[in-house]
Protein chains: 2
Amino acid sequence: MSKVFVFGHQNPDSDAIGSSYAYAYLARQAHGLDAEVVALGEPNEETAFALNYFGVEAPRVVTSAKAEGVDTVILTDHNEFQQSISDIKEVEVMGVVDHHRVANFETANPLFMRLEPVGSASSIVYRMYKENGVEVPKEIAGLMLSGLISDTLLLKSPTTHATDSQVAKELAELAGVDLEEYGLELLKAGTNLASKSAEELIDIDAKTFELNGNNVRVAQVNTVDINDVLARQEEIEAAIEASSQANGYSDFVLMITDILNSNSEILAIGSNMDKVEAAFNFKLDNNHAFLEGAVSRKKQVVPQLTESFNA
Amino acid sequence: MSKVFVFGHQNPDSDAIGSSYAYAYLARQAHGLDAEVVALGEPNEETAFALNYFGVEAPRVVTSAKAEGVDTVILTDHNEFQQSISDIKEVEVMGVVDHHRVANFETANPLFMRLEPVGSASSIVYRMYKENGVEVPKEIAGLMLSGLISDTLLLKSPTTHATDSQVAKELAELAGVDLEEYGLELLKAGTNLASKSAEELIDIDAKTFELNGNNVRVAQVNTVDINDVLARQEEIEAAIEASSQANGYSDFVLMITDILNSNSEILAIGSNMDKVEAAFNFKLDNNHAFLEGAVSRKKQVVPQLTESFNA
């Protein structure tokens with residue numbers, strides 16, 4: 001049987017790594033697949049903290065499946081091709097486990113897809129362990145828990161599903177950690193931005209969306225103090241402009257998210273700022289504006305941008 | 001709570017009707033949704049036989065969700081927008097249960113998707129009944145069984161999944177029928193083509209696929225004697241040409257499938273016959289050619305056409 005790659009999206013976050021690592025194990029145990037977890041990038045600091053905490057090595061980074069002799073892939077935590085492996089259109093997508101909208105996704109053949117509108121892809125993978133009666137190893141419970149905490153900001157984001165708190169409780173028990181304590185430690189590990197260059201900062205957690213023909217980059221950084229990040233506005237803007245020019249982004253929207261108070265400052269630069277302002281019903285002042293209560297790119301930023309760009 | 005429409009694809013077949021009828025019941029029982037099954041067309045003769053056999057009224061036919069005051073829909077047995085309700089782009093797709101490839105499908109928000117590469121959408125819905133611990137009423141078991149038999153030609157098509165025979169066995173027991181006997185009766189009910197005009201015949205089970213910018217119509221009829229259908233070639237070709245002109249199809253591929261011997265004759269007319277011939281490695285003679293062992297549009301025709309049109 002030929003090898004199958006399992007991976008999350010580019011610029012992997014804790015849910016991309018956690019859900020793919022966990023799913024690859026499940027696919028080996030329950031479905032007898034020769035499944036190998038790989039990643040489309042190095043772990044960020046938050047994910048590195050989780051991997052280190054649970055004693056798991058980071059999945060090796062690949063940029064092409066074909067170059068590794070692999071023709072079949074399983075995607076977790078994403079489905080849009082522009083967020084996936086470079087040669088996604090040349091390989092067979094055998095399965096998808098995800099909790100995002102579906103777009104720019106197409107296959108030639110029927111496949112397994114398991115999508116649910118819940119807080120993390122890890123929540124779904126955990127459910128699949130239960131359905132298949134596969135015991136969850138402690139470190140895998142820890143990685144899935146980290147994915148869920150990361151994506152929901154410790155169950156505070158509006159993307160949190162009613163079923164997620166029970167999932168978090170069960171995973172914390174399996175992982176042998178206190179949910180609140182570990183959760184805050186994990187999130188704080190991701191807010192260490194001082195050591196990052198502006199170029200790195202805007203790429204920690206960034207995704208591209210095609211909105212009515214425009215390539216819109218939406219990035220997010222977590223912090224415990226928004227002003228710490230705004231103090232670096234000048235160098236961040238220079239990095240954004242360089243990145244947009246190099247990659248052909250029409251617009252770049254950076255969410256600077258305060259994980260303690262659950263708000264975001266939006267820093268936005270590009271050709272469609274009228275559409276960005278209309279999306280959030282605010283006025284940018286010196287390229288930024290406060291977005292009260294906004295912590296979720298998926299629920300509080302991308303749909304609003306999509307609607308505004310299509311208007 | 002507002003009403004949710006559940007429906008299968010246009011030109012509904014037994015699996016489209018069976019899976020949507022069964023899923024709407026499950027959504028009411030297990031998820032508390034105000035779900036109504038509707039259909040995007042009248043049942044064909046095979047499906048009418050199944051509905052009549054199990055004493056179920058055909059779902060009412062709708063062409064628009066918005067016109068009925070419905071904003072939220074669940075799709076079964078399809079996902080491609082051009083096979084769905086006319087205003088699919090203006091409503092919220094809450095869920096999809098399907099066993100086809102994914103294409104021309106996009107949402108603004110996360111959703112439930114449950115896709116498996118199995119013989120019928122009904123097979124998946126039946127699994128969901130079990131997962132949710134919902135008892136299957138006799139007539140619903142009968143409709144799901146009919147969907148599975150229809151789509152797999154009584155478990156003989158290569159689309160049949162290893163798990164499908166067990167599903168068929170269990171559903172036949174729940175429905176109180178003998179699998180083989182009922183199955184053959186059902187399939188034969190769909191081969192009564194003599195009463196159909198050529199226009200009706202080419203539209204019994206037809207789907208449009210966008211292949212490299214071409215609108216390709218792929219239709220299928222079941223028969224117990226291919227020659228009976230070929231005897232009407234002239235009027236069928238006239239109907240195909242009229243339909244292609246009216247609907248902008250670049251090509252029309254009709255599978256005339258012998259359900260007893262599991263073969264098909266392909267009758268094809270259009271602008272890309274070189275691509276059709278390359279797809280199946282045959283030469284059309286007087287617009288038709290024999291395709292040994294081919295009974296599945298999904299597995300033995302559409303992927304081959306897709307590859308050939310993209311070459």
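Brief remarks follow.
- Count of the stretch B:151-165 residues which are open to solvent by 20 Å² or more (accessible area, probe 1.4 Å) and more than 14 Å from chain A (Cβ to nearest Cβ): 3
- Restricting the first member to the stretch B:257-284 and to residues that are under 25 Å from residue B:151 (Cβ atoms), and the second to residues that are among the aromatic types (Phe, Trp, Tyr) and modelled with pLDDT of 95 or more, the beta-carbon pairs closer than 6 Å and six or more apart or on different chains are B:265/B:290.
- Some residue of the stretch A:158-177 being among the polar types (S, T, N, Q), outside any loop (DSSP other than H, G, I, E, B) and within 27 Å of residue B:31 (Cα to Cα): yes
- Tally of residues being farther than 18 Å from residue B:91 by Cα and either within 14 Å of another protein chain (Cβ to nearest Cβ) or assigned to a loop (DSSP other than H, G, I, E, B) (or both) across the stretch A:280-301: 15
- Taking every residue in the stretch B:201-217 that is closer than 13 Å to residue B:303 by Cα and modelled with pLDDT under 95 and pairing it with any residue that is buried (at least 18 other Cβ atoms within 10 Å of the Cβ) and of a type in the set (Val, Ile, Thr), at least 6 positions away or on another chain, the pairs with Cβ-Cβ distances below 7 Å are B:209/B:216; B:209/B:218; B:209/B:302; B:211/B:306.
Residue-by-condition table, conditions (1) open to solvent by less than 40 Å² (accessible area, probe 1.4 Å); (2) among the aliphatic types (A, V, I, L, M); (3) out of contact with any helix residue (DSSP H, G or I) (no Cβ under 7 Å at 6 or more places or on another chain):
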| site | (1), (2), (3) |
| --- | --- |
| B:205 | yes, no, yes |
| B:216 | yes, yes, no |
| B:223 | yes, no, no |
| B:227 | no, no, yes |
| B:230 | yes, yes, yes |
| B:235 | no, no, no |
| B:239 | yes, yes, no |
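- Residues that are open to solvent by 30 Å² or more (accessible area, probe 1.4 Å) and among the acidic types (Asp, Glu) within the stretch B:109-139 comprise B:131, B:135, B:139, listed in sequence order.
- Test: residue in the stretch B:260-271 that is surrounded by fewer than 16 Cβ atoms within 10 Å (Cβ to Cβ), in a loop (DSSP other than H, G, I, E, B) and among the polar types (S, T, N, Q): yes
- Output for the stretch A:243-256, where each listed residue is touching a residue at least 24 places away in the same chain (Cβ under 8 Å) and open to solvent by 60 Å² or more (accessible area, probe 1.4 Å): A:247
- Hits in the stretch A:166-175 - residues which are of a type in the set (Asp, Glu) and open to solvent by 50 Å² or more (accessible area, probe 1.4 Å): A:173
Rundown of residues vs (1) open to solvent by 10 Å² or more (accessible area, probe 1.4 Å); (2) more than 20 Å from the chain's Cα centre (by Cα); (3) more than 21 Å from residue A:71 (Cα to Cα); (4) touching a residue at least 12 places away in the same chain (Cβ under 8 Å), yes/no style:
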| position | (1), (2), (3), (4) |
| --- | --- |
| A:5 | no, no, no, yes |
| A:13 | yes, no, yes, yes |
| A:16 | no, no, no, yes |
| A:21 | yes, no, no, yes |
| A:24 | no, no, no, yes |
| A:37 | yes, no, no, yes |
| A:47 | no, no, yes, yes |
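- Residue A:254 vs. criteria under 19 Å from the mean Cα position of the chain (by Cα) and within 14 Å of chain B (Cβ to nearest Cβ): no
- Given (1) within 14 Å of another protein chain (Cβ to nearest Cβ); (2) crowded, with 17+ Cβ neighbours inside 10 Å, number of the condition residue A:142 does not satisfy: (1)
- Residue B:193 meets each of the listed conditions (1) surrounded by 18 or more Cβ atoms within 10 Å (Cβ to Cβ); (2) of a type outside the set (Lys, Arg); (3) under 21 Å from residue B:119 (Cα atoms) apart from (3).
- Failed criterion for residue A:113 (all others in (1) in contact with a Lys or Arg (Cβ under 9 Å, 6 or more places away or on another chain); (2) farther than 13 Å from residue A:77 by Cα hold): (2)
- The strands (runs of 3 or more DSSP E) found wholly in the stretch A:23-134 and carrying at least 3 residues that are touching a strand residue (DSSP E or B) at 6+ places or on another chain (Cβ under 7 Å) and within 12 Å of chain B (Cβ to nearest Cβ) occupy A:92-98, A:112-115.
The values are calculated or read from the model by the stated rules, or taken from the named source; none is laboratory data. The structure presented is a predicted model; accordingly, all values stated were derived computationally and were not measured. Here the Cβ is made from the backbone with ideal geometry for all residues, glycine too, and neighbour counts use every protein chain on show. Areas reflect the complete protein model, heavy atoms only, side chains present, ligands, DNA and RNA absent. Shrake-Rupley method; radii C 1.70, N 1.55, O 1.52, S 1.80 Å.
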